[in-house]
Number of protein chains: 2
Amino acid sequence: MEMLIRRGFIWQSFEIYGGMAGFIDYAPLGNNLRRKIENIWREFFVINERVAEIDTPLIGVEEVFVASGHATSFVDIAIECQKCGRVYRADHYIKDKLNIEINSSIDAIKEILEVYDLKCECDGNFSEPFSMNLMFSTNIGAGKGKKAFLRPETAQGIFIAFKRISNYFRDKLPFGVAQIGRAFRNEISPRQGVIRLREFNQAELEFFVHPREKKHSNFREVADDELTLVDKFEKVHRITLSKAVERGIIANEILAYFIGKTRRFLLKIGIKDEKMRFRQHKDDEKAHYAADCWDAEVLTSFGWIEVVGIADRTDYDLSRHSKFSREDLSIFISYSKPLVVKIKKAVPKMDVLGPFFKSKAKKIAELLEKIEFEGEKIEIELEGEKIKLSNEFFEVKEVEEEITGERVIPHVIEPSFGLDRISYAVLEHSFDKDIVKGEERRVLRLKRWLAPIEVAVLPLLSKEPFTTKAIDIASLLRKNGFYTDYDDSGSIGRRYRRYDEIGTPFCITVDHQTFEDDTVTIRDRDSTEQVRVKVLDLPEILKELMTSEIGIENFGKRFQ
Amino acid sequence: MEMLIRRGFIWQSFEIYGGMAGFIDYAPLGNNLRRKIENIWREFFVINERVAEIDTPLIGVEEVFVASGHATSFVDIAIECQKCGRVYRADHYIKDKLNIEINSSIDAIKEILEVYDLKCECDGNFSEPFSMNLMFSTNIGAGKGKKAFLRPETAQGIFIAFKRISNYFRDKLPFGVAQIGRAFRNEISPRQGVIRLREFNQAELEFFVHPREKKHSNFREVADDELTLVDKFEKVHRITLSKAVERGIIANEILAYFIGKTRRFLLKIGIKDEKMRFRQHKDDEKAHYAADCWDAEVLTSFGWIEVVGIADRTDYDLSRHSKFSREDLSIFISYSKPLVVKIKKAVPKMDVLGPFFKSKAKKIAELLEKIEFEGEKIEIELEGEKIKLSNEFFEVKEVEEEITGERVIPHVIEPSFGLDRISYAVLEHSFDKDIVKGEERRVLRLKRWLAPIEVAVLPLLSKEPFTTKAIDIASLLRKNGFYTDYDDSGSIGRRYRRYDEIGTPFCITVDHQTFEDDTVTIRDRDSTEQVRVKVLDLPEILKELMTSEIGIENFGKRFQ
């Protein structure tokens, strides 16, 4: 953590005003890292899927969260000390003090407080436990205005735009919608730095599928990937995804597909396979509406932490919003071949209806023709009046009808990524020490494509003409889109170490030979080897190096 | 606007719950467009400057906005109808109804209401005008918690992190810090769709400079650019930037540099030069602390709208935060050559001091040596006791001292971009109609590098083997990172029109010849011309086309 602050990855927010738990600043290096992780996520989960990305407001009107259930259920139980006034999250305090895992119900917590006579650290007594909604609330407009909340997840903005989204995809399942952005959780008393934040960054994908077709056309691409699963009975499997589906460990193929894709994404950004596992929610742990749910967990110095949740949320969200907004959020699915069914129809006898119902007869006949019919009597409603018709007024005919499709509320598979924890885990897994020329070296072995500073241009000596030449090269590389540092302070060895420590994969050094043949050296962070290349070739070579993991010795002539 | 909604650029937020003024959803195409504009901004204002990007919380603790002045001054005057209860922003309502431009003071508005007997649209009378703070407020933590606001601009997150930032740049001016993200403004009664939002997207750069060195080393790059300036006396100039600085129209070179760079950025994303001007704030319009301020304005169907503000904010922000946080936010600037100054020093005479002051003599001597001295008597304070010393106790010597530098509070030049308005203006300026084969065509002439869907792959006929081949090509292009659509619905002409309308620069068509020689056609949106190229060459060709404006006839053999 100290290195992360000192080197410019993460800072404490509002530091000069005393700080505030649960908020961090992404400093220059941390910001670049997270943005790059987001872009790779976009490649995996937007560009290479039938997925569109949207960006909806962070403030949401109350109705949204009443429908989603957050207004009532998104709560933690708090306890407040009657003496010092400190407020704790009850389950965390009980875990800390008594090492008891407790699920968050007011009654259970009350019992524990009494049985163990649990007191505050100041020795004060606690008040009655109370539940606290974890959404930040605000008001829109003048005066008291309209009640609103900061979104606790990006997903709801997707669900409520479902009609527009479905229309965008011309109502053809499956399709997905992604959103990357801030979400908020007014934690009672957050600790653990970057692991438990009040303001955090999510990347969420809501992938809408036909309820009876939980498959993915690209499943074969990941089917043979082997990974570590911890099932809901806490049994550990090292198994391929196809076998896990076959044996029913993972509920369906599309969940397995996204588990596989999540693993490949995490590997791509440098999470180590041996420190990654997928853990199934136990039956009492998962949301009541979820058909199955898996967390991607990563081993860090905080232990195993959840970084991704992958859930089959069924039609819960769309059904709730449909109910509360009274909008039809179903999709009409055409059958590939129409179904032919026989139905009974009432054919009106106009010669009986006419004399009896007079001016109403025509309308009654129209209504009759629309009715699917069983039995001998029909009741219809005409302009508020209920009319019973016995079979003297109509004939019953059996006719064949084509059913071309049906309306369904899609199910949704949701991979939800916590970008802050992922960024932190990437940093931890990349941190390394080795010995170079007899000295210990700290080196951040970030994947090249994640490096916040991609290349550093260093004049061998801090004087002319080295400095001007190095500044010109830095400018050339910036024009080619590279995040480039120029640095002329301290010995060249010390500068290399500085860039090793922040994960910069390549240092370019301007030396005496540069002025003879317009070449420079490229130094590789990991091997510390150097090669010499022409200045003019630098942009092309670096472009290729930055997207690959090949050694630099493939480029140019070896440097002495 | 209708096209923007229908085609998936922008949607109304919370539509199924009745919507809410001042909020929009970025639909799939609008989201991609804005993200691409952000990335180009990053190239211009982060990568190619001595600038780092950070990302700080959207929620800010109260102290920040007390110091910045927002807690007291970020207000509009509201009037409320006593009959129907509607609340209006007073200056807007007065402009609408009376066509009077009024500056927002409660007294001025009260006078207008009385003089013109202004009533609500419902004919009700207005209450006394009152000021309303435009920040959304919330609370952090349990219970009443700590008062906080949603940030009204991204800039404050930068100013309060200044010490860390300066340290990151090793205290060497000039340097800049950028932030791209959401900001909030609780407008009283927003209209005008995307132009006046309660939640909006900013890209801000705070460029810190030495107060006496308001220059930029790259000024020559833009010095000869000619542009339209409207000065504070409303006089219009078509002039180069170097002349504008020379003649004192723009206050300093660094402001001119960022005006020039802003213009180049706006041109790059497709804002038309003839619909762009830079307008100087009048003396009564600009903030009291600003040395000079220019708005980039763009002509749209809403008239000239401000899309960028470029201000010399002097040391106002850092000084305020320094005062309120009691942190020193100055930087030590070393002189290139130390200044040598002569000062007078008091050299204690121990032989007189000793006998007279006894045990205190040593401490008095130490204090004397630290004092810079003028005159014949010295008063010092020793452990609370004031001691007067006449010149019998010391000798006066003149000594030379080196001053190596000074502490300064940097000034800040702030280019602040409204990304929502910019995105909207880009769309308006790109919208075009022409005649193709005798039919009117709607076409969005977006710069290729901004296209939300970069390429559409279309089977000539919606059947095998065309469809599978087209799907494979789409997949190839996606793997190469292109935003790719696959579309097989409707006639090929209709599909071309659909992609013309959303600004997709290239359509790839799989036709009969594809199965003979593995070639496809690329159709250019603007010229509607087509060329035929090998499928395998597509990724390379498209990569080159997407970053250039060269015609497609340079690639492959002409079709037909």
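The values are calculated or read from the model by the stated rules, or taken from the named source; none is laboratory data. Small disclaimer: the values here were computed from a predicted structure and weren't measured. Backbone-built Cβ (ideal geometry, glycine too); neighbour counts: all protein chains shown. Keep in mind that these areas ignore ligands, DNA and RNA; they rest on the heavy atoms of the full protein, side chains included. Shrake-Rupley method; radii C 1.70, N 1.55, O 1.52, S 1.80 Å.
May I ask you to derive the FRET efficiency for B:Lys110 and B:Arg86 from their Cβ-Cβ distance with R0 = 25 Å, giving the value to the nearest 0.05?
Working: r = 19 Å, r/R0 = 0.74.
After rounding, the FRET efficiency stands at 0.85.
Treating only the Cβ of Lys, Arg, Asp and Glu as charged (+1, +1, -1, -1), what charge dipole size does segment A:130-271 show about its Cα centre? Round to the nearest 20 debye.
Numbers: 26 positive and 15 negative charges, 97 e Å.
That gives segment A:130-271 a dipole magnitude of about 460 debye.
Estimated at the nearest 10 Å², the accessible area of B:Arg50 is 100 Å² with a 1.4 Å probe. When cysteine pairs in chain A are screened for C-beta atoms closer than 4.7 angstrom, the residues that find no partner are A:Cys293, A:Cys507.
Note on surface exposure: B:Ser13, B:Ser359 rank B:Ser359, B:Ser13 by accessible area, highest first, 1.4 Å probe. For segment A:387-500, relative contact order (Cα pairs under 8 Å, six or more residues apart, normalised by length) works out to 19 percent. Each Lys and Arg adds +1 at its Cβ and each Asp and Glu adds -1 at its Cβ; summed about the Cα centre, the protein assembly as shown shows a dipole of about 440 debye.
Legend: distances between Cα atoms for B:Lys110/B:Lys235; B:Lys95/B:Lys286; B:Lys146/B:Lys323; A:Lys172/A:Lys397; A:Lys337/B:Lys463; pairs beyond 27 Å are B:Lys110/B:Lys235; A:Lys172/A:Lys397.
Rounded to the nearest 10 degrees, the inclination of helix B:106-115 to the longest alpha-carbon principal axis of chain B is 60 degrees. Peptide B:180-186 is shielded by partner chain Cβ atoms: per residue, an average of 3 of them sit within 10 Å of its Cβ.
Can you order the peptides B:486-492, B:351-357, A:198-204 by their average number of other Cβ atoms within 10 Å per residue, highest first?
Numbers: B:486-492: 15.7, B:351-357: 13.6, A:198-204: 21.9.
The peptides rank, most packed first, as A:198-204, B:486-492, B:351-357.
For B:Asp537, the solvent-accessible surface with a 1.4 Å probe is about 70 Å², rounded to the nearest 10. For segment B:453-559, the residue among B:Ser489, B:Phe515, B:Ile473 whose Cα projects farthest onto the positive side of the dipole built from Cβ charges is B:Ser489. Working ranking of peptides B:395-401, B:234-240 by packing, defined as the average number of other Cβ atoms within 10 Å per residue, highest first, is B:234-240, B:395-401. Dipole of the protein assembly as shown computed with +1 at Lys/Arg Cβ and -1 at Asp/Glu Cβ about the Cα centre; of A:Ser325, A:Ile54, B:Ala148, farthest Cα towards the positive end is A:Ile54.
Take the residue pairs B:Lys36/B:Lys534; A:Lys36/B:Lys469; A:Lys119/B:Lys144 and return only those whose Cα atoms are more than 25 Å apart.
Numbers: B:Lys36/B:Lys534 28 Å; A:Lys36/B:Lys469 32 Å; A:Lys119/B:Lys144 23 Å.
Long pairs (Cα-Cα over 25 Å): B:Lys36/B:Lys534; A:Lys36/B:Lys469.
Would you mind counting up the charge near B:Asp434? Only other residues with Cβ under 14 Å from its Cβ, with Lys and Arg at +1 and Asp and Glu at -1. That works out to -1.
For segment A:343-378, the list of trypsin sites (Lys or Arg not before Pro) that fall in a loop by DSSP and count at most 12 other C-beta atoms within 10 angstrom reads A:Lys377.
Full extension of the segment from B:Met350 to B:Asp171, taken as 0.36 nm per residue of separation minus the current Cα-Cα distance, would add 60.1 nm. Solvent exposure of A:Tyr26, expressed as accessible area, is near 10 Å², computed with a probe of 1.4 Å over the protein chains only. Remark: chain B carries a charge dipole of roughly 700 debye about the Cα centre, counting +1 on each Lys and Arg Cβ and -1 on each Asp and Glu Cβ.
By the Stokes-Einstein formula, at 1.002 mPa s and 20 °C, segment B:265-423 with its Kirkwood radius over alpha-carbon pairs has D equal to 99 µm²/s. For peptide B:129-141, the mean count of partner chain Cβ atoms within 10 Å of a residue's Cβ comes to 4. Beta bridges assigned by DSSP with both partners in segment B:453-559 are antiparallel in approximately 60 percent of cases.
Remark: relative contact order (segment B:333-408) = 52 percent; criterion is Cα-Cα distance under 8 angstrom and separation of 6 or more residues. Where chain B is rotated onto chain A, the residue of B whose Cβ comes nearest the axis, and that gap in whole Å, is B:Thr138, 2.
Within chain B, what percent of beta bridges assigned by DSSP are antiparallel, to the nearest 5? Close to 90 percent. Here's the list of aspartates and glutamates a cross-link from B:Lys362 could span, going by alpha-carbon distance under 20 Å and ignoring same-chain residues fewer than 8 apart: B:Asp351, B:Glu372, B:Glu379, B:Glu381, B:Glu383, B:Glu385, B:Glu392, B:Glu395. Size descriptor for segment A:453-559, Kirkwood hydrodynamic radius: 13.5 Å (Cα pairs only, one decimal). The residue among B:Ile79, A:Cys293, A:Met3 whose Cα reaches farthest toward the positive pole of the charge dipole of the protein assembly as shown, with charges on the beta-carbon of Lys, Arg, Asp and Glu, is A:Met3. When only Cα pairs below 8 angstrom with a gap of at least 6 residues are kept, segment B:12-119 shows a relative contact order of 10 percent. Peptide A:27-40 has a mean shielding of 4, counted as Cβ atoms of other protein chains within 10 Å of each residue's Cβ. For chain A, the longest principal axis of the alpha carbon atoms and the long axis of helix A:361-370 meet at an angle near 50°.
For segment B:92-135, which trypsin sites (Lys or Arg not before Pro) pass both filters: DSSP loop (anything but H, G, I, E, B) and at most 15 other C-beta atoms within 10 Å?
Of the trypsin sites (Lys or Arg not before Pro), the ones in loops of segment B:92-135 whose Cβ has at most 15 other Cβ atoms within 10 Å are B:Lys119.
Converting the Cα gyration tensor eigenvalues of chain B into ellipsoid dimensions via √(5λ) gives semi-axes, longest first, of 59, 34, 22 Å.
Looking at the protein assembly as shown, what % of its DSSP beta bridges pair antiparallel, to the nearest 5?
Numbers: 192 of 218 bridges.
Counting DSSP beta bridges with both partners in the protein assembly as shown, the antiparallel share is about 90 percent.
Normalise the Debye intensity by I(0) for segment A:333-408, one equal point scatterer per Cα, no solvent, then take log10 at q = 0.12 Å⁻¹ and round to two decimals. Rounded to two decimals, the profile gives -0.42.
Between segment B:239-317 and segment A:414-462, what is the separation of their alpha carbon centroids in Å? If you average the Cα positions of each part, the centres end up 40 Å apart.
For chain B, adding -39500 (n - 2.57) for each run of n ≥ 4 DSSP H residues and dividing by the number of residues yields -8000 deg cm²/dmol at 222 nm. Between the Cα long axis of helix B:492-501 and the first principal axis of chain B there is an angle of about 20°, rounded to the nearest 10.
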